[in-house]
Amino acid sequence: MQDEITKHSRKIYKTLKNSKKPIIEKSKEIFIEIFIIVFSVTLSIWLHSWTQEKHQQKEAMEFLIDLKDDLNKDIESMSKKKVQLSEAIKQYSYLKNLTKERIDSLSNKKQGIDIAVSYVIRKTNNGNYEGFKSSGKIGFIENKKLKKMILEYYQEDVPSTDEAEKYYNSRLSKIEDLIFQDKDKKKKFLDPVLKMSFGVVIQIAENNKRNYDAVSKDVREIINEINREEKK
């Protein structure tokens, strides 16, 4: 491009220096050369912008395809944690409703009372998102609706879900402290503090299950929107 501009600039200079040509003819030739320069520069800028935009779109689509895999893993992870929470609700509901008579009956039959404390350990698959965001390329996603959905998921849904899981685990820790106190079985499982803790954990578990459902729904909508982008 630089060579072309230089070549046409020299023609303009030669035309100006040529004293044998009439002014009208000079003006026509100079106008043509200037037009060629302006057109060439404009075309070059347009081609560069078009190429850059195509490259950005390609990068964005590659990111979205990788992100879709991450999102599917997140849905699977939340589904597994829902099962875990359902089992916890069933177990703690049973323990919460234990009566003195039921505990005596189990003792007479020499049956133990099973209890497990299973913390929710889950990690969001956010490596691709964090890498793309930190490189400043989120703006490459031209679909504004999709971009907004992705940002809301990682900046709002994920942090709130993490906090809900942390709170659930903190309440489980309270239960763990209570059940390992040096008390006899009857006194331990009739302890109103422990029963209240079971009730709190059950409620939190129910809330977290509903949250997993809501977030999973949002994630599926993101995946569906990515699928639509792939078909364009």
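The values are calculated or read from the model by the stated rules, or taken from the named source; none is laboratory data. Please read all numbers here as calculations on a predicted model, not as lab measurements. Cβ atoms come from the backbone with ideal geometry, glycine included; neighbour counts cover every protein chain shown.
For this structure, a couple of remarks:
Here is a yes/no grid of residues against (1) in a helix (DSSP H, G or I); (2) in contact (Cβ under 8 Å) with a residue 40 or more places away in the chain; (3) among the aliphatic types (A, V, I, L, M):
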{"site": "Leu71", "(1), (2), (3)": "yes, yes, yes"}
{"site": "Asp74", "(1), (2), (3)": "yes, yes, no"}
{"site": "Ser79", "(1), (2), (3)": "yes, yes, no"}
{"site": "Glu87", "(1), (2), (3)": "yes, no, no"}
{"site": "Gln91", "(1), (2), (3)": "yes, no, no"}
{"site": "Leu95", "(1), (2), (3)": "yes, yes, yes"}
{"site": "Arg102", "(1), (2), (3)": "yes, no, no"}
{"site": "Asn128", "(1), (2), (3)": "yes, yes, no"}
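- Any hit, the range 109-122, residues being touching a residue at least 60 places away in the same chain (Cβ under 8 Å), more than 18 Å from Leu194 (Cα to Cα), of a type in the set (Val, Ile, Thr) and surrounded by 16 or more Cβ atoms within 10 Å (Cβ to Cβ): yes
- Residues that are more than 16 Å from the chain's Cα centre (by Cα) and in contact (Cβ under 8 Å) with a residue 40 or more places away in the chain number at least 2 in the following helices (runs of 4 or more DSSP H) confined to the range 144-232: 158-179, 185-189, 192-231.
Listed here are the residues, each with its yes/no results for (1) modelled with pLDDT of 95 or more; (2) under 23 Å from Leu194 (Cα atoms).
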residue	(1), (2)
Leu67	yes, no
Ile75	yes, no
Ser79	yes, no
Ala88	yes, yes
Tyr94	no, yes
Thr99	no, yes
Ile103	no, yes
